[in-house]
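The values are calculated or read from the model by the stated rules, or taken from the named source; none is laboratory data. If you're wondering where the values come from, they're calculated on a predicted model, not measured in any experiment. Here the Cβ positions follow ideal geometry from the backbone for every residue, glycine too, while neighbour counts run over all protein chains shown. Keep in mind that these areas ignore ligands, DNA and RNA; they rest on the heavy atoms of the full protein, side chains included. Shrake-Rupley method; radii C 1.70, N 1.55, O 1.52, S 1.80 Å.
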Amino acid sequence: MTESTARRTYLLAIVRNLGEEVGTKQALQIYAASQWAATSRNTARRDLRDLARRAYLVPVEHGGRRLYQVGSDPSPMHPGRGSRKSLLERIQAEGGEWTTGRIKRTWHQLLGTHVLRMAARNYLAALHRDGHLERHGDGTPRRYYTPRHEGSAVT
C-alpha cells in the first residue's frame, strides 16, 4: 500500500465514523491528529477529490463551499475498471488518427487522472496486436493508429 493510499484510507475511515460532511479544513484537523500531521492543504484537497472520484465520498455545495459526505456504496468500483473497453469503443466511434497524445487526453477525460505515455503506447500496441487497429508511420518519427474496418485483413 502506498503512502497516499494509506493516508486516504485513514481519512475515509475517520470521515465514515464522524458521519458528517467534511471539507478541507476538517480533513486537515483529522490529519493533524495522525502520523500525517504535516499534510498540506493541497494534499488534503487532492485526497478528498480522489475519494470523491472513486465514489467513496459525494461532493455537495453549501454556501459556496465544497464539502464531502459519505457515499451510499461502501465498496464502489474503481473508476479505471472498464476504461479500456470504453476507450476502444470511443476509438471505433470517432475514427481518425490515434496517437499516444490523443489516447492520453481521452483516457484523462474518462478517468479524471493522469495516464503515462508508456501506458498509452502499450495500449495502442496491444489493440494493434489484437487486430482492432492498423498501424501507420513505421520507420518515421510519427506513428499513429486508425481503427480497422470490418472486412480488413489482419496482418
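Of note:
- Given charges at beta-carbon only (K, R positive; D, E negative), |dipole| of segment 1-136 in Debye: 340
- R46 versus E89: modelled label distance in nm, points set 7 Å from Cα along the beta carbon direction: 3.1
- Formal net charge of residues neighbouring R45 (Cβ-Cβ distance under 11 Å; K, R +1; D, E -1): +3
- Averaged per residue, the chain has 63 square angstrom of accessible surface, using a 1.4 angstrom probe with ligands and nucleic acids left out.
- Taking only the Cα atoms of the chain, the ratio Rg/Rh comes out at 1.13, with Rh defined as the Kirkwood radius.
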